[in-house]
Amino acid sequence: MIRFTASFALAVSMAGAPLWAQSSDDAKVDALLKALAMPEMIEIMREEGLAYGEVLAADMLPGGSSEQWGAAVSAIYDTQTMYEEVRGAFGEAIAGDDIDAMLAFFTSEPGIKIVGLEVSARRALLDDAVEEASKENAAIAMMDQTPRYLMVQEFVEVNDLIEANVVGALNSSYAFYTGLIDGGAMPAGVTAETALQDVWAQEPDVRNETTEWVYSFLMMAYQPLSDEELTAYIAFSRTDAGQDMSDALFTAFDGMFDDVSRGLGLASSRFMISQEL
């Protein structure tokens, strides 16, 4: 599963007023996550996860998918749980950072437009045909070194999107393995150490897939932006506030996806064992 930092409809509203008084920073964190369309993005991630669950069932479960498996996967990709975990980790990660500068950009006209485009592109990529066409278009732009591709490349490098996503994907894969091991579905010779070796062996493929996905997503999402708007986004990304926000988002999503992946591993183990009995 490939994750991406930037913003990810709304299946569960997180807008209800809390029963306790919020601090100023808490209110700012909630406002920033709203500006980043986080509830919408997490709902799209749930849809991606449910589809992945069907692929996982076909690949790993002797009896394939079932109503019970679908319910288990749905519970793992619970949007409220996912949002609360991301919100908690994100809030901790940006404590003391310049949240005002982050809010200033993402509530500005260019920021609002960028988030909307990211959400629309992420949702569009749920369609396999759209995803394939997007990859082909990005590959052509990369080969031709078009001006827009070079701008997107600069954005990717400034935000360290490839490396951070590769690390996150490998960690999630390892979490899935540990779920399988702890659930008792793996042979006795498979240990955390051998699982780590297997995961690391996937690194070249993960890096290639991540690079392809990130560029296809960004080239499609940012195509409607003017050069001036994308330049402004790159400039914000270079600031301390931009770097701090990107780091905080990766921290938050990495923790959430690790928990989801381990949950999928444990569920897979449980269903593998029960179907073999």
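When Ala235 is tested against (1) open to solvent by 50 Å² or more (accessible area, probe 1.4 Å); (2) among the aliphatic types (A, V, I, L, M); (3) in contact with a helix residue (DSSP H, G or I) (Cβ under 8 Å, 6 or more places away or on another chain); (4) more than 26 Å from Ala129 (Cα to Cα), just one condition goes unmet, and that condition is (3).
When the criteria are applied in full, Ala185 fails the requirement of being at pLDDT 95 or above and aliphatic (A, V, I, L, M).
Scanning the range 207-232 for residues that are open to solvent by less than 20 Å² (accessible area, probe 1.4 Å) and within 17 Å of the chain's Cα centre (by Cα), we see that the one that is farthest from Glu118 (Cα to Cα) is Thr210. You will find that of Arg122, Arg148, the residue that is part of a helix (DSSP H, G or I) and either of a type in the set (A, V, I, L, M) or open to solvent by less than 40 Å² (accessible area, probe 1.4 Å) (or both) is Arg122 and no other.
Listed by first and then second residue, the pairs linking a residue in the range 163-186 that is under 14 Å from Phe271 (Cα atoms) and open to solvent by 20 Å² or more (accessible area, probe 1.4 Å) to a residue that is assigned to a helix (DSSP H, G or I) and of a type in the set (Val, Ile, Thr), with Cβ atoms under 8 Å apart and 6 or more places separating them unless they lie on different chains, are Gly183/Ile273; Gly184/Ile273; Ala185/Ile273.
The values are calculated or read from the model by the stated rules, or taken from the named source; none is laboratory data. This structure is a prediction, so every number in the text was calculated from the model and none was measured. All Cβ positions, even for glycine, are placed from backbone atoms using ideal geometry, and neighbour counts span all protein chains on display. Accessible surface is based on the protein model in full, side chains and every heavy atom, while ligands, DNA and RNA are left aside. Shrake-Rupley method; radii C 1.70, N 1.55, O 1.52, S 1.80 Å.
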